[in-house]
Amino acid sequence: MAATADSLAPVSNLPPPMREYLIHFAQVHETFRKPELESLAKLFNIDYEILQYSEKSPFARIALKSNEAAKTLISRSILSKAIYELWGTGTTYDEVHTSVKSRTSHLWHLYKTCSFKFGFESFNGMRTESYKKKLIESFSYVGFDGPIRMKNPDELFVIMEDYEATSMVDLERFAALNIDEKAEAPSRNPTHLDEPHQIYFTRFIGKSSRAIIETYDLKKRNYIGTTSMDAELSLVTANMAHVGPGKLAYDPFVGTGSFAVACAHFGAVTFGSDIDGRMIRGTKSGKSLRSNFEQYKIMDRYGDMFVSDLTNSPLGRFGATAEGGKKRSEQIFDAIICDPPYGVREGLKVLGSRDPSRPKVPTIIDGVAQHTLKDFVPPKRPYSFDKMLNDIMNFASTHLVPNGRLCIWLPTADEDFNEFSVPAHRNLKLESICVQNFNKWSRRLLTYTRYEVDQDQPVVDEEVLPDATEETLDTAKARLARTADALNPFRRKYFEGFKTPPSED
Amino acid sequence: MKLLTANFISCAVKACKSSSLSFPLHFKDAELASKSVPYNPLLLSNLLPRLDWPALVTSSKELGFTLPDTKPELPRLSATAAAAATTTSDGDMNMDSGVGEEDEKTLRMLHKVLMETEVVEGKMSKNNL
Ligand SMILES: C[S@@+](CC[C@H](N)C(=O)[O-])C[C@H]1O[C@@H](n2cnc3c(N)ncnc32)[C@H](O)[C@@H]1O
């Protein structure tokens, strides 16, 4: 590895203000990691360049302008652990030492007297404690004379090793070795292990928000349900949506409020609604969405939670025009986050009677405000998933402020990724697609930004959904005659167990 | 329900969507509750352009609050300035919002009306008869 001899020289040749950092990611939800980072860089208006990134590795190299920028960027991240100043790297320890010496020898005096600690991180590999010590000691030329402090040191230096993805056989060897190590069996020589393919020497700069996953753990949450989204992905979604202090967020399918608490955690005043009032009211024993906000002490960011059908939402300023005959603005939210129903457990429903000629039940504003119809569960009629998506896109286009974001979770069948096309809307720019794979199916998180001004041109793309139009009574009747199953390709597939249909012969 | 929310919603019954009566909805037999929430001028500055002022004045009046007839003009606060602001022991944000005394009073009132007051009991209807 050819290291340059510049002051604070980057390992690669970066233009002057840029400095090189190492991000230590969690090795989970790999397709979400880079989009989360990019989303945060945009949110904080931070210039960056990703120099090295692989989904197979927890270590990524990134160029940033300052330690301050590095700290800010990582501070809200959920999928990374921490960020470090990169002092040197190489494929062997000899290379690392050469790199560290040429890049940082002019900095060593800064750390001569402070307290410090050395840490060690190995990915896919393992070292015995005694060998780690030897490796740490090999850096003694930096000449730090301050006290070594295991707790709260002034500076933390970390050696990181990245091993090529290992086979099961290797993993078993490691496991066996670990046991031997504990028993202090001298017969095994750890240096016989494969060597890492990349080594980094780093100085700690800042920690991520990963620890709050624990705080919001569903297991410890007052009110949850079968639809609750885990804390980690809810928080990541909030990061993708750019929520923050002074902003308004809304979940139109709020359910038990997983996204709502995540948005409020990051400072947004959060609103939510659901077609099913029971979700919001919660249980008789006082477990409710509101009680979650109380549990997490984020009540000051509790906007309102109410009962409403997204396909006929009360949000907006209908009918009336503002002074001067202009339409009243309906751009209210900075972020819309949701996980719409795809009707696996229950056919997708909207409020209204099965017979579309009968008038609709008025929408009930509920939860806090009492209504005479409080315990009335309005009849629901089946609805197609595509039409629902269409409604969501249109709703986001009218209700998001310029540059506001829409984050939406959608299912997709594994062996048939195109089962649901990526919805498009001319006023919404697709930012990223993150995929979460399960055993038999997968779902993805789509993030969009509302363009500052309305776009004239519809997106020319076969994936575009037509603009929502009022159905005629006849077509509605014909559609409703079909079953919910027939309306929803995903639901149908789910119950078919994702089997390939039998061939014709 | 908060007055903030009331400023965002209309009557969603299909038949009245095009009627000028569908927004704003009017409170009836409203019972109020109030609870103190940290003062957040950044939030208020973001909210101001999104409020329908005449509707807010109307609903506030119905609940016994008086707001000026015209929307206060405020310089837009930046999130960076807000991030640098300190907080008082009550959690209030302590920052110079760059407004005069009169507007500051309106802001405090807005905070009370929008963020600290909730209608806990009552009905909403299309006409205020
Ligand atoms: C997948 S769940 C969302 C769960 C939520 N993220 C949570 O944390 O619990 C979908 C929710 O949408 C609601 N829903 C179904 N149809 C709806 C509609 N037309 N409008 C609004 N909400 C609807 C369901 O009652 C359900 O709570």
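Just so it is clear, none of the values below were taken in a lab; they were calculated from the coordinates. It should be emphasised that the depicted structure is a prediction, and the values quoted were computed from it without experimental measurement. Here the Cβ positions follow ideal geometry from the backbone for every residue, glycine too, while neighbour counts run over all protein chains shown.
Given R₀ = 25 Å, FRET efficiency for A:Glu155-A:Ser75 by Cβ-Cβ distance, to 0.05?
Numbers: r = 19 Å, r/R0 = 0.76.
Using R0 = 25 Å, I get an efficiency of 0.85.
Just to be sure I understand the model, the point goes 7 Å from the Cα along the line to the Cβ. What's the resulting A:Leu135 to A:Thr98 distance in nm?
2.0 nm
Take A:Ile408, A:Ile337 and order them by how many other Cβ atoms sit within 10 Å, fewest up front.
Working: A:Ile408 22, A:Ile337 33.
Ordered by Cβ neighbours within 10 Å, fewest first: A:Ile408, A:Ile337.
In nm², what is the average projected area of the convex hull enclosing the Cα atoms of segment A:68-131? Kindly include the intermediate steps, with their values, before the conclusion.
Working: hull surface 26.2 nm².
Approximately 6.6 nm², given one-decimal rounding.
Please compute the net charge surrounding A:Gly244, taking Lys and Arg as +1 and Asp and Glu as -1 over other residues with Cβ under 14 Å from its Cβ. The partial results should precede the final answer.
Numbers: positive: A:Lys42, A:Arg76, A:Lys247, A:Arg301, A:Arg405; negative: A:Asp334.
Local net charge: +4.
Per-residue Cβ counts within 10 Å, from other chains only, averaged over A:271-277: what number is that?
Whole-number average of other-chain Cβ neighbours for A:271-277 is 1.
Can you pick out the pairs among A:Lys429/B:Lys14; B:Lys2/B:Lys105; A:Lys220/A:Lys297; A:Lys65/A:Lys133 whose Cα atoms lie more than 26 Å from each other? Please list the in-between numbers first.
Values: A:Lys429/B:Lys14 30 Å; B:Lys2/B:Lys105 20 Å; A:Lys220/A:Lys297 14 Å; A:Lys65/A:Lys133 33 Å.
Too far apart for the 26 Å limit: A:Lys429/B:Lys14; A:Lys65/A:Lys133.
First measure r as the distance between the Cβ atoms of B:Arg108 and A:Asp386, then evaluate 1/(1 + (r/R0)^6) with R0 = 56 Å and state the FRET efficiency to the nearest 0.05. Numbers along the way, then the final one.
Numbers: r = 48 Å, r/R0 = 0.85.
The value I calculate is 0.70.
Given a Förster radius of 25 Å and the C-beta distance between A:Val435 and A:Tyr53 as r, what FRET efficiency does 1/(1 + (r/R0)^6) yield to the nearest 0.05? Before the final figure, lay out each step's value.
Values: r = 17 Å, r/R0 = 0.67.
After rounding, the FRET efficiency stands at 0.90.
What number, in percent, do you get for the relative contact order of segment A:255-299 if the mean sequence gap of Cα pairs under 8 Å and at least 6 apart is divided by its residue count? Please report the intermediate quantities before stating the final value.
On the way: 36 pairs, mean separation 16.6, N = 45.
Result for segment A:255-299 is 37 percent.
Could you calculate the contour length gain from A:Met299 to A:Thr215, that is, 0.36 nm times the residue separation minus the distance between their Cα atoms, to one decimal place in nm? Each step should come with its number before you reach the end.
On the way: separation 84, 0.36 × 84 = 30.24 nm, distance 1.61 nm.
My answer for the length gained is 28.6 nm.
Roughly what would the spin-label model give for A:Asn67 and A:Val422, points 7 Å off Cα along C-beta, in nm?
According to this spin-label approximation, the distance is 3.9 nm.
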